[in-house]
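Peer 1: There's a structure below that I have some questions on.
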Protein chains: 2
Amino acid sequence: MPQPPQSYRELETLITAEYATLSKRLQQTARFVLDHPQEVALATVAKIAEQADVTPSTLIRLANSLGFKGFSEMQQLFRSRLVDELPNYTERIRAVRSATGETPDSTQLLWEFADANRAVLEQLPSRIDPESLEKALDIFEKAHAIHVMGARRSFMVASYMTYALAHVDKPALLVNGLGGMYGEQLRAMSQHDALLTISFSPYAEESQKACEDAHQRGLPSVVITDSNLSPLARFADVVFVVNEAEVKSFRSLTASLCLTQTLAIALGVRQDKKRKA
Amino acid sequence: MPQPPQSYRELETLITAEYATLSKRLQQTARFVLDHPQEVALATVAKIAEQADVTPSTLIRLANSLGFKGFSEMQQLFRSRLVDELPNYTERIRAVRSATGETPDSTQLLWEFADANRAVLEQLPSRIDPESLEKALDIFEKAHAIHVMGARRSFMVASYMTYALAHVDKPALLVNGLGGMYGEQLRAMSQHDALLTISFSPYAEESQKACEDAHQRGLPSVVITDSNLSPLARFADVVFVVNEAEVKSFRSLTASLCLTQTLAIALGVRQDKKRKA
DNA sequence: GTATAAATGGAATATTTATTCCAATCAACT
DNA sequence: AGTTGATTGGAATAAATATTCCATTTATAC
């Protein structure tokens, strides 16, 4: 291997090509460096090795087996990539936009979506009331099981929440309406459970119904929606209002997802603490 | 000078403010570091000193006189600037974090998630190859119907994509494995269809199988995954590698969602154009 | 199963890089 | 011009970081 790559892109290609011929540890390492180029660019061998869960020697060996004289030489390529790619974000959007004129070509769309979602995420945490967060977590913690309801566009968020809750060992049930059994699934909620409903305009009939149902039966209920005036708001014990991004009249769900993810993991953290105590 | 700046922006302000009070050599050095932040982030003291036409000691002295313990500490700020473009934001996170007792853990988590996802979205568009985007759209446009496959964590993305495609009038089928019928659903793909698979480590068996299946039957196939070395990559006609955010070992799906959303809507735009023509 | 080669981890070492310190220089004031 | 105090350069030292080497483990072939 006398000819080391001269650019990051060449390096990427080389690693992909040679991957199969590498040993187990070297594969693990190769994979890590490709997946965390930023880390590799700036950290020390020891730090990177620790994060990749290998020994420093292995990193050196990887560099050597790719034709470099040592790790430092390889690191240079990762650094050059950082510098080359350093984008002034808004400038690049403008560049993409003007280069394509009026036509909404796919790359420009991608920039716009990414930017819109990014902006939404920037605002989200300061717009969520910390007390509401804690209150919602109280409800979830006390509940035996959490039923999660979301129809149409919101279904995805509900399904993700159910998945995440399961991963922090919280019994969670997705109200999916399979076989037209929304009613049956809702009736299955016990007095010790809680309901989380995600619903955006135009608020699906089923979601409203679920929320009202829980309210009448005295079940604790948390709602994620898009306005304080949402029909679901008045039935809930805790309401989260999230502002979603919109591009070309397509609304995204990034903020809601970020919030549900936080709820799930914060719940996990709480449960952990409680168990230890 | 007991309080060193915590972010690049703060540093910038401090240097500007203190500039007049600095000695001649220190002014020269300060000017250089502000004008060549990239250089300062990556080079060694000796190299920077040479370029700035001062001695290494001077650089150390500058760092010290700005409140840093040493040059390395100051360099960290230049590096962080290289990595994330919005020092304002990370500064706010640090503020939330350091306000001990006042802020509940859940709020801090929310800030961290929002930030991690934001950072990912910032990088996404420049890491997605425009050609791949166009190629994927070609495939989708030609396909009679698009089958969307995603298991476990990726299920949500698949389900969203199916929803979005339906909304741009593209026939889409979610391979959901309901009733254990993955095999049956996959066999139902016709020669004129296409497959979109979303899969992340640890790659679900079913997703790998779906992808391989399509490959063997000669169906066009697009994959969204987390590494060039993903087992699904070699079976696909187009591969999108997305870097997802990770907080407390919980991975998010923001980037994948943003990409799928873009694909769906870009497809919608294309179809619109074609219809008009 | 045993022998042989390849791969691995980790401590020892070499190298690079940052920092300190002091003598020399420069500037300000008497 | 001479004295004092701050500033500067550069060599000496300390710290950090990368690399090498070898004993041990793991895989491979017989």
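The values are calculated or read from the model by the stated rules, or taken from the named source; none is laboratory data. Small disclaimer: the values here were computed from a predicted structure and weren't measured. Every residue, glycine among them, receives a Cβ derived from its backbone with ideal geometry; neighbour counts consider all protein chains shown. All accessible areas refer to the heavy atoms of the entire protein, side chains included, with ligands and DNA or RNA removed. Shrake-Rupley method; radii C 1.70, N 1.55, O 1.52, S 1.80 Å.
Peer 1: Tell me which residues, restricted to segment A:41-67, are within 14 Å of another protein chain (Cβ to nearest Cβ) and either in contact with a strand residue (DSSP E or B) (Cβ under 8 Å, 6 or more places away or on another chain) or more than 8 Å from DNA strand D (Cβ to nearest atom) (or both).
Peer 2: A:Ala41, A:Leu42, A:Gln51, A:Ala52, A:Asp53, A:Leu62
Peer 1: Being within 14 Å of chain A (Cβ to nearest Cβ) and either open to solvent by 30 Å² or more (accessible area, probe 1.4 Å) or more than 25 Å from A:Thr254 (Cβ to Cβ) (or both) is the filter here, so list the residues in segment B:142-171 that pass it.
Peer 2: B:Arg152, B:Arg153, B:Phe155, B:Tyr163, B:Ala166, B:His167, B:Asp169
Peer 1: Pick out, from segment B:13-61, the helices (runs of 4 or more DSSP H) lying fully within it that include 2 or more residues that are within 8 Å of DNA strand C (Cβ to nearest atom).
Peer 2: It comes to B:45-52.
Peer 1: Go through segment A:205-242 and give me each residue that's among the small types (Gly, Ala, Ser), open to solvent by less than 10 Å² (accessible area, probe 1.4 Å) and closer than 18 Å to A:Arg153 by Cα.
Peer 2: If the condition is that a residue be among the small types (Gly, Ala, Ser), open to solvent by less than 10 Å² (accessible area, probe 1.4 Å) and closer than 18 Å to A:Arg153 by Cα, then A:Ser207, A:Ala210, A:Ser230 are the ones that fit.
Peer 1: Here's a follow-up. Write out, first by first residue and then by second, each pair whose Cβ atoms fall under 6 Å of each other, whose residues are 6+ apart or on separate chains, and whose first residue, in segment B:259-270, is in contact (Cβ under 8 Å) with a residue 40 or more places away in the chain while the second is open to solvent by 10 Å² or more (accessible area, probe 1.4 Å) and assigned to a helix (DSSP H, G or I).
Peer 2: Pairs that qualify, where the first residue is in contact (Cβ under 8 Å) with a residue 40 or more places away in the chain and the partner is open to solvent by 10 Å² or more (accessible area, probe 1.4 Å) and assigned to a helix (DSSP H, G or I), are B:Arg270/B:Glu141.
Peer 1: Among the residues of segment A:253-267, is any open to solvent by 30 Å² or more (accessible area, probe 1.4 Å), within 20 Å of B:Ser252 (Cβ to Cβ) and more than 7 Å from chain B (Cβ to nearest Cβ)?
Peer 2: no
Peer 1: Considering only residues of segment A:86-123 that are aliphatic (A, V, I, L, M) and open to solvent by less than 10 Å² (accessible area, probe 1.4 Å), which is modelled with the lowest pLDDT?
Peer 2: A:Leu109
Peer 1: Of the residues that sit in segment A:23-40 and are within 10 Å of chain B (Cβ to nearest Cβ) and either over 31 Å from the mean Cα position of the chain (by Cα) or open to solvent by 60 Å² or more (accessible area, probe 1.4 Å) (or both), which one is nearest to DNA strand D (Cβ to nearest atom)?
Peer 2: A:Glu39
Peer 1: Right, something else. Could you check A:Ser154 against (1) within 18 Å of A:Tyr203 (Cβ to Cβ); (2) part of a strand (DSSP E or B) and say which number it fails?
Peer 2: Only one criterion is unmet by A:Ser154, namely (2).
Peer 1: Now for a separate question. Do you know which residues across segment A:62-74 are surrounded by 18 or more Cβ atoms within 10 Å (Cβ to Cβ) and in a loop (DSSP other than H, G, I, E, B)?
Peer 2: A:Leu66, A:Phe68
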